[in-house]
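Here's the structure we're looking at; comments come further down.
Readers should treat all values here as calculations from the given coordinates under stated rules, not as data from a laboratory. Everything numeric in this text was worked out from a predicted model, so none of it was measured. Glycine gets a Cβ as well: all are built from the backbone with ideal geometry, and neighbour counts include every protein chain shown.
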Amino acid sequence: MTGTAVAAYRAFLRLYPREFRDEYGVDMALLFAHQLRDEPPGRVWARSLVDLARTIPTRHLEAHMKHAPGPGLPLTVTALSVTAVAVAIIGGTDRGVLVVALPVAVLSTLFAVSLWHDTRPVAVPHDTTARWWKYLAGGAGLLIALIVTTTATGELPEGLWLPTMAAFLLAIVLTVIGVVLALAHVAAGRQRNAPG
Amino acid sequence: MLALLDGELHGYALMGRVAELSDGVVRMGPGTLYGTLNRLVDDGLIEETTDLVARDDNERRRYYRLTPGGRAVALSELARLQAMVHRVARHLPGPATT
């Protein structure tokens with residue numbers, strides 16, 4: 001009796017996504033058998049059927065959301081869009097063809113753009129503070145170059161004074177940004193490595 | 001997660017522990033239980049410990065326990081719930097005194 005019930009439950013398990021079933025199917029059937037051993041079968045079945053009805057769609061939705069959308073649908077809609085544009089161009093002299101093809105072309109193009117936008121890989125956010133050394137090296141390098149140049153050339157010519165001062169200001173700003181980012185980077189690293 | 005605070009449990013024991021902690025109000029089905037375990041494993045809050053310990057278990061049941069991070073989350077959630085109940089209880093009218 002229990003064996004038949006477990007076999008029936010196993011049949012229901014086939015409705016779960018394959019990945020989930022492969023991972024937990026055996027455990028779920030075992031757990032169901034344990035429940036049948038300890039509780040009245042009617043109660044176990046009632047609870048299990050409600051559970052199946054609730055969790056099968058949920059697991060499918062989760063499995064669907066885990067996988068990135070493939071290019072199948074965007075390709076199909078793009079093909080429809082190209083076809084509709086071609087039909088609109090070729091049959092443009094016929095008002096009837098134009099009235100149908102033009103809206104289809106516009107709508108399918110918009111839909112295709114939206115679908116391709118959705119299928120693009122999600123960019124992994126960069127840790128801005130990890131770039132501290134670029135600012136520090138750039139700022140410090142520029143500062144050293146300016147000091148060496150102005151020391152070697154002596155007094156600055158009239159026309160070069162303003163650009164040189166702007167370059168000094170830029171070098172100082174870059175260096176300060178580099179130092180601030182470096183401190184933030186170290187603080188963030190400590191926070192990540194903190195226990196608990 | 002609160003049901004795992006005492007240590008590792010296998011699926012059926014975990015189901016029983018949840019029922020016990022909720023005074024029988026929450027009775028999870030296998031789909032709910034393993035769906036939840038799957039998500040918690042993915043989030044790094046619990047881990048499977050089946051192969052970490054030698055067991056005398058013919059049925060090859062799978063055991064789970066809280067990770068250090070999961071334990072911290074469970075304790076923090078417990079503290080949050082306790083604080084909330086405490087706050088609400090303070091504002092409720094007390095028993096009538098004669």
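Placing dummy labels 7 Å off each Cα toward the beta-carbon, the span from A:Trp161 to A:Arg18 is 7.8 nm. Residues A:Ser108, B:Ser76 in ascending order of nearby Cβ atoms (within 10 Å, fewest first): B:Ser76, A:Ser108.
Close amide-amide hydrogen proximity is noted between B:Tyr63 and B:Thr49, B:Thr50, each under 5 Å apart and 5 or more residues distant or on a separate chain (H modeled in the peptide plane; Pro and chain starts excluded).
Give, as a single signed number, the net charge of other residues whose beta carbon lies under 14 Å from the beta carbon of B:Leu40, with Lys and Arg counted +1 and Asp and Glu -1. Taking every other residue near B:Leu40 into account, the sum is -4.
Compared with the dominant principal axis of the Cα atoms in chain A, helix A:132-153 is inclined by about 10°.
Panel values: the range A:1-71, Kirkwood radius from alpha carbon pairs, Stokes-Einstein at 25 °C and 0.890 mPa s, translational diffusion coefficient 188 µm²/s. Here A:Thr150, A:Thr2 are placed in order of increasing Cβ neighbour count within 10 Å, fewest first, which gives A:Thr2, A:Thr150.
Going from the residue with the fewest nearby Cβ atoms within 10 Å to the one with the most, B:Arg65, A:Arg43 rank A:Arg43, B:Arg65.
The angle between the Cα long axis of helix B:11-21 and the main principal axis of chain B comes to about 10°, on a 0 to 90 degree scale. Binning all Cα-Cα separations of chain B at 10 Å, short to long from zero, yields these whole-percent fractions: 14, 38, 29, 11, 6, 2, 0. Other protein chain C-beta atoms within 10 Å of residue C-beta, averaged over A:23-31: 6. Secondary-structure-derived ellipticity at 222 nm for chain B, considering helices only, amounts to -16000 deg cm²/dmol, per-run term -39500 (n - 2.57) for DSSP H runs with n ≥ 4.
Tell me whether the protein assembly as shown comes out rounded, prolate or oblate; compute the Cα gyration tensor, take square roots of the eigenvalues as a ≥ b ≥ c, and use a/c under 1.5 as the rounded threshold. Oblate, since a/c reaches 1.5 and b/c is not below a/b.
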